[in-house]
1. Can you tell me the order of 31-38, 258-265 when each peptide is scored by its average per-residue count of other Cβ atoms within 10 angstrom, highest first?
2. At a Förster distance of 51 Å, what's the computed FRET efficiency of E177 paired with M351, Cβ-Cβ distance as r, to 0.05?
3. Which value in nm describes the separation of the simple spin-label points at Q198 and S48, placed 7 Å from the Cα toward the beta carbon?
4. Dipole of segment 344-412, Cα-centred, from +1 at each Lys and Arg C-beta and -1 at each Asp and Glu C-beta, to the nearest 20 debye?
5. Divide by every residue of the chain the summed helix terms, -39500 (n - 2.57) for each DSSP H run of at least 4, and state the resulting mean residue ellipticity at 222 nm, rounded to the nearest 500 deg cm²/dmol.
6. Could you give the nm distance between label points at T7 and A32, where each point is 7 Å from its Cα heading toward the beta carbon?
7. I'm checking a number: the convex hull volume of the Cα atoms of the chain, normalised per residue, in Å³. What is it?
8. Can you put E231, E394 in order, fewest other beta carbons within 10 Å first?
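Bear in mind that the values in this text are calculations on the coordinates, not laboratory data. The shown structure was predicted, so the numbers you read here are calculated from the model rather than taken from an experiment. Reconstructed Cβ throughout: ideal geometry from the backbone, glycine too, with neighbour counts over all protein chains shown.
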Amino acid sequence: MRRLLATLVILALVGLAAFKTGVWWLADQRMAGARQALAEFGVLHRGSIGSGVEGRVVLNGASWHDFELTQPLNIARAEFDAGSPVNLLTGLAAPSRMPAQWSVRLEGLSLILDPAMLRNWVTAEGVDSEGEQALFVLSCAPEPRQQLGSGDLIRMGIAGLAGEAFLHQNPDRIHAELNTISTGSLELDWPAARVRLQDGEITVSSSTEPLQLTLRDAGLMRRIAAYCAREAGVEPGEWAGRSLDALVAGLEARGLEPSDQLKALYRQWLLEGGELTVSLRPGEALFGIPVRAEEAKQAGHSWPVRYNGAAVPDVYLTEARPVRAEVPDIAVDPVVPRENPGVEGWYVADMANADQWIDYKVRVTLSNDRVVDGRLVSVSEKELEVARVVAGGEVAYPMLIRAITNFEVWRRGRAQ
């Protein structure tokens, strides 16, 4: 009897070792395939691999470094739960045969922000990745085309992003959440949808059911509105109006016109934030947002939207004739006055040689006729930074060079 018991213990230990070895090898192969598939976009580091007999595989100390970012996204713990050891081995060996129910959880997500992390959230030229006029323009500088960026978040006191995420695949739906510390959360619920892995590609299939997307900002929009309005030198209401005008102009460029309720909702969200729930259909044009013909403007389907728990009626788009905004590519050369060597004052300087005036007092006139003066901090190929004294300290204002119409330096004149 003792020998039988010892044999069973040895077999159990050998089986456990074989299971963990098999899980480690299969997980390593899957991560190697993912790393190769994503090599065009960034670098994936898997960290260490662990597993549990209940059907879980765990990655500790993983990270993802996108080539467009200067900082990596660190993942302290990533867990895949297949529900049972058999399902785990089957899912790792053949991802196309994933069980009907599984989950992925990411814990300890962290991204340290850098002032030069991205050129901008929205391209500096005011267009999206397809070259169309941008829809969501959040300007945080005297120049309206200077968009909200990571440097602005740092000056707002947000040095990094941290939180956790999870995705549950059930037989009848997908449910996913991203929860961050002090910067809000994102929740997705998609009935009849399923994640599929085939030939190294991840696809999502669904029926005609729309997905429900809920965004909670945790007070972030109020902070952004107050900060951006102060940096632009306007009141928060005027700043929100400018951002709304950019949305309207972007839609008009696409041949669309937002309803009054849609404009009011967007403006309210910019100023107050809160909880916003929308219904989307990824397989349809404009994600299922209803577009009414001009003649049917007063009647038709409304976009299902809830704001802070209450339904918002009459949210839709209307067909319109596309309107293209004309933006000059170059600035008009200013008239250069004659210099007086005996007088210290403002003198026009060539932008091509702006870097020679670092630490000098400069005055910049932008294409919207706003004037910014202060100490010249830095000059790059696309923008320069001017520091101004605010509340006893200095705040650097980045400005696009292409938006500058006049550049002056406070200095003593030269003999001509």
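1. Numbers: 31-38: 13.5, 258-265: 17.5.
Per-residue Cβ counts within 10 Å, averaged per peptide and sorted highest first, yield 258-265, 31-38.
2. Rounded to the nearest 0.05, the efficiency is 0.60.
3. Computed distance between label sites Q198 and S48 equals 3.8 nm.
4. For this selection, approximately 140 debye.
5. Taking each H run of at least 4 residues, the total per residue is -7500 deg cm²/dmol.
6. Between T7 and A32, the label points sit 3.8 nm apart.
7. 191 Å³
8. Working: E231 20, E394 13.
By the 10 Å Cβ count, ascending: E394, E231.
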